Amino acid sequence: MQEKSQVPQKKFDVGGQAVMEGVMMRSPNATAVTVRRPDGTMVTKLTPFVPLKEKHPWMGKPFIRGVVNMCTMLYYGMNTLSDSTKMLGILDEEPSRFEKWLAAKLGKGVDKIVMGLAIVLAVILSLGLFMALPAGFESVLKGAGMSPVGYTLLGGLLKVALLMGYMFIVGFIPDIRRTFQYHGAEHKSVHCQESGLPLTPENAQTFSRLHPRCGTAFLLIVFIISILLFLVLNVLVPIGNFFVRFLFHLAMLPIVAGVSYEVLMGLAHSDSPAACALRTPGMQMQRLTTREPDESMLECAIVSVNVVLNGFPEGTPKTPEGWGIFRNYRESDPSYAAAAHLPEGGAPEDGSVPAGVPEA
């Protein structure tokens, strides 16, 4: 029988995302990114921040907070991906002559240029695949004489099919598949933290890799809400022109995001039979974006949870950039670090567990 954690955890939602060879965790006032380097060590970057709703209370109001959350997560998500590649040392190789020329002309570093291009391409792909293509499809169906209800439902189903197909196909790419494993590790470690059990790979592995607050579930809710919204609007104000329809869909995105966020949070924090049934499609869709993680992946996720909740334990060794270095996930646990009495914050060289700290 598993014992309950002796260290009380803070009661608020912890979320995150998978990154290249690691996991980012986010609390209300900080983010922690942990990646595993080729030498086996884990490196963690802790970044405190002040939530926008504390600076501007109106941003925390219902429906508005969903739009704010979507924008901030896109911003932090791209920065996190950039951070993870830097922490792994992927961008340390010598830039090519073209990259140097481009950086000199634009006055920015190569990493910022690459990330900027990636963001632009991702936005173009998303708008084209999930908005322009369905809008064009609906316009064709409308021109063929189909009713607003018919072409709206078929256009919405096309969006969902494209989303699921895209997730299914990219899952065959080896690097993406590993990222999906880290996504599963993120969910399992959050489940473990929320349960009150000690954060260990063994405990985390027993939990589901599906989580009700996942961004994959949010995307599905966005598509469903958009279908319902446009079903009403297309009946009231039919639009035949493709470009007008596309711009109309784009303009409605903030409203759809705001409503979808409230639906997601409402379903995630309710255990009623109706809520469980309604969130089931989003949960099952996560099978496309998560995979079962191995123990090393769970360790990265656990380190991120520990650091984002408690900060770096006293004496944690740091890189010149200020990133924490961990050779073992236990080193990120404040109770372990305190019991170890290690001035450098490291684990014993023989890997033993200090007295008073339960073995994983």
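Every number in this text was worked out from the coordinates using simple rules, so none of it is lab data. The shown structure was predicted, so the numbers you read here are calculated from the model rather than taken from an experiment. All Cβ positions, glycine included, derive from the backbone under ideal geometry; neighbour counts span all protein chains shown.
Among the listed pairs Lys86/Lys159; Lys188/Lys318; Lys61/Lys142; Lys55/Lys159, those whose Cα-Cα separation exceeds 31 Å are Lys86/Lys159; Lys61/Lys142; Lys55/Lys159. Farthest towards the positive end of the charge dipole of segment 15-311, among the residues His183, Leu117, Pro134, is the Cα of Pro134, using unit charges on the Cβ of Lys, Arg, Asp and Glu. Once both labels are positioned 7 Å from their Cα atoms along Cα-to-Cβ, the gap between Leu117 and Cys71 label points is 2.8 nm.
Each Lys or Arg adds one and each Asp or Glu subtracts one; over the other residues with Cβ under 14 Å from the Cβ of Thr152, this totals +2. Close amide H contacts of Gly16 (hydrogens built in the peptide plane, cut-off under 5 Å, sequence separation of 5 or more or a different chain): Arg26.
Taking the radius of gyration and the Kirkwood hydrodynamic radius from Cα positions alone, what is the Rg/Rh ratio for segment 15-311, to two decimal places? Looking at segment 15-311, the ratio lands at 0.99.
Between Ser296 and Val140, the FRET efficiency from the beta-carbon distance, with R0 = 45 Å, is close to 0.35. Normalising by residue count, segment 19-78 has a Cα convex hull of 73 Å³ per residue. About the centre of its Cα atoms, segment 15-311 shows a dipole size close to 800 debye [charges on the beta carbon of Lys, Arg (+1) and Asp, Glu (-1) only; nearest 20 debye].
With a simple spin-label model that places each label point 7 Å from the Cα along the Cα-to-Cβ direction, the separation between Ile169 and Glu54 comes to 4.3 nm.
Measuring between their Cα centroids, segment 27-52 and segment 168-233 lie 19 Å from each other. Where does the charge balance sit around Leu220 when Lys and Arg score +1, Asp and Glu -1, over other residues with C-beta under 11 Å from its C-beta? Overall, the nearby charge balance is +2. Per the Debye calculation on segment 194-340 with a single equal scatterer at every Cα and no solvent contribution, log₁₀ I(q)/I(0) for q = 0.17 Å⁻¹ amounts to -1.01.
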